[in-house]
1. Every residue in the stretch 132-147 that is outside any helix (DSSP H, G or I) and either open to solvent by 10 Å² or more (accessible area, probe 1.4 Å) or away from ligand 2 (no atom under 11 Å from the Cβ) (or both), please.
2. Do we have Gly96 as over 15 Å from Asp40 (Cα atoms) and either within 16 Å of ligand 2 (Cβ to nearest atom) or open to solvent by 10 Å² or more (accessible area, probe 1.4 Å) (or both) here?
3. Name the pairs whose Cβ atoms lie under 6 Å apart, with the first residue in the stretch 234-262 and among the basic types (Lys, Arg), the second assigned to a loop (DSSP other than H, G, I, E, B) and open to solvent by less than 20 Å² (accessible area, probe 1.4 Å), and 6 or more positions between them or separate chains?
4. So, in the stretch 362-400, how many residues would count as being in a helix (DSSP H, G or I), touching a His at 6+ places or on another chain (Cβ under 9 Å) and either of a type in the set (Val, Ile, Thr) or closer than 15 Å to Val100 by Cα (or both)?
5. Restricting the stretch 71-89 to residues that are away from ligand 1 (no atom under 16 Å from the Cβ) and surrounded by fewer than 22 Cβ atoms within 10 Å (Cβ to Cβ), which is nearest to the chain's Cα centre (by Cα)?
6. Restrict the check to the stretch 305-318 and report whether at least one residue is under 29 Å from the mean Cα position of the chain (by Cα) and open to solvent by 70 Å² or more (accessible area, probe 1.4 Å).
7. Being in the same structural domain as Ala132 (by TED's automatic domain parsing) and within 19 Å of the chain's Cα centre (by Cα), is that true of even one residue in the stretch 3-16?
8. Report the residue count in the stretch 336-361 for those that are in a strand (DSSP E or B) and either touching a helix residue (DSSP H, G or I) at 6+ places or on another chain (Cβ under 6 Å) or among the hydrophobic types (A, V, I, L, M, F, W, C) (or both).
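The values are calculated or read from the model by the stated rules, or taken from the named source; none is laboratory data. In this text the structure is predicted, and so the values were computed from the model without any measurement. We place every Cβ from the backbone using ideal geometry, glycine too, and count neighbours over all the protein chains shown. Ligands, DNA and RNA are stripped out before the accessible areas are found, and what is left, the full protein with its side chains, is counted by its heavy atoms. Shrake-Rupley method; radii C 1.70, N 1.55, O 1.52, S 1.80 Å.
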Amino acid sequence: MKTTSLRIDTARLNRRLGELGKRGALAGGGVCRLALTDEDRAGRELVVGWMRELGLEVAIDRIGNVIGIRKGSQDGPPVVTGSHIDTVATGGLYDGNLGVLGGLEVIARLNEAGIATEKPLAVGFFTNEEGARFAPDMMGSGVHQGSMSLEQMLSTVGIDGCTVVDELERIGYAGDVPCGNFEAQAYLELHIEQGPVLEQEGTVIGAVTGVQGISWTEVLFTGTSNHAGTTPMSMRCDAGHAAAELTTFVRGLTREMGGAQVGTVGSIRLEPDLINVIASKAKLTIDLRNTDARKLVAAEQRFYAFLEEIAGKEGVQVEHRSLARSEPVDFHEEVIARVESHAQDLGHPVRRLPSGAGHDAQMFAPNCPSGMIFVPSAKGVSHNVREFTEAEHIEAGGNVLLQTLLELAG
Ligand code: GLV
Ligand code: MN
Ligand code: MN
């Protein structure tokens, strides 16, 4: 299909990004809208209001996913777009939000132009994509697409001791629509790249080829707390030291494996967490990712072996549990090619690239033709209050989304 002359209203889309960014705004800039908090509720209410203004039929399912549907001239499964509006605690205005509000901007332009698509179009925001409060990540889309169990996810306990089900009820988003109540014809998500590649190359559009595999583990070392001044170094069972060794090991592992292997220790909590007391407990999280499924397994095996080794050396106990695990995902060749060709028709430099971050799109990929559009992240910064994308890049991504959705929906 040829690219049509219809274009998004970038100023309106940016205004909405700014408005949504006021829900959970942090004093120094950026946003904290952790899933199912009061701030998330405020963001949800704003976006649901916009969905209704645009004439979408809004459904809330049991895991709190919100899907707005615009009817097509034919019945049948909708073409779905969207993303998430929850953020990490130190988030920006664009991660996830761009995909949801970009989808609403497409609907607004279709309404204004009086265009009916053959297939219905749906814009969704999926609960707890970030996984920053409740692990695993991509929870809402995972349940929607049947790769996660609703009951298990509802009983997930967050970092603050609250459960998903209680928080859904508290904020009024425990919907009654069954999860996955419709099949998607196709799924397409607009998102910021969250890395440096597009900007460094001067490329404007990324046609995303897939998402790397992700392995999240929580480790608990239990040692013995004792006096920092009187306990000889040879007699310590120091959980804090084991955590530090593990952190250094993870960096060394990525260096040795090279290639696409990345590894992060993003959280370390010590007990009792005092200057003159040897730590009796250290709880830390390890995030390992690789585009190659076998290499990710190899990284995990070396990590598990090191856990035993360091626990033995330091004389501490070790326990670990998986918080999230997803295999690398390939997006659909036809969707990737359509994104590429619309970007070219619109005159934007485009390249194919894999995603380093997890996305709702990966949950749809096994069940329907799926893909993503990336736009540059200034300085490659994301999960950071300084996250930023230029208006001209938002415009480019929004227009590629509009054209590709129009083609997919007929
Ligand atoms: C989600 O944002 C992730 O990739 O951690
Ligand atoms: Mn995201
Ligand atoms: Mn994110």
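1. Ala132, Arg133, Phe134, Ala135, Pro136, Asp137, Gln145, Gly146, Ser147
2. no
3. These pairs meet every condition: Arg236/Ile278.
4. Residues in the stretch 362-400 being in a helix (DSSP H, G or I), touching a His at 6+ places or on another chain (Cβ under 9 Å) and either of a type in the set (Val, Ile, Thr) or closer than 15 Å to Val100 by Cα (or both): 3 in total.
5. Pro77
6. No, the conditions are met nowhere in the stretch 305-318.
7. There is no residue in the stretch 3-16 that is in the same structural domain as Ala132 (by TED's automatic domain parsing) and within 19 Å of the chain's Cα centre (by Cα).
8. Summing the residues that are in a strand (DSSP E or B) and either touching a helix residue (DSSP H, G or I) at 6+ places or on another chain (Cβ under 6 Å) or among the hydrophobic types (A, V, I, L, M, F, W, C) (or both) in the stretch 336-361 gives 2.
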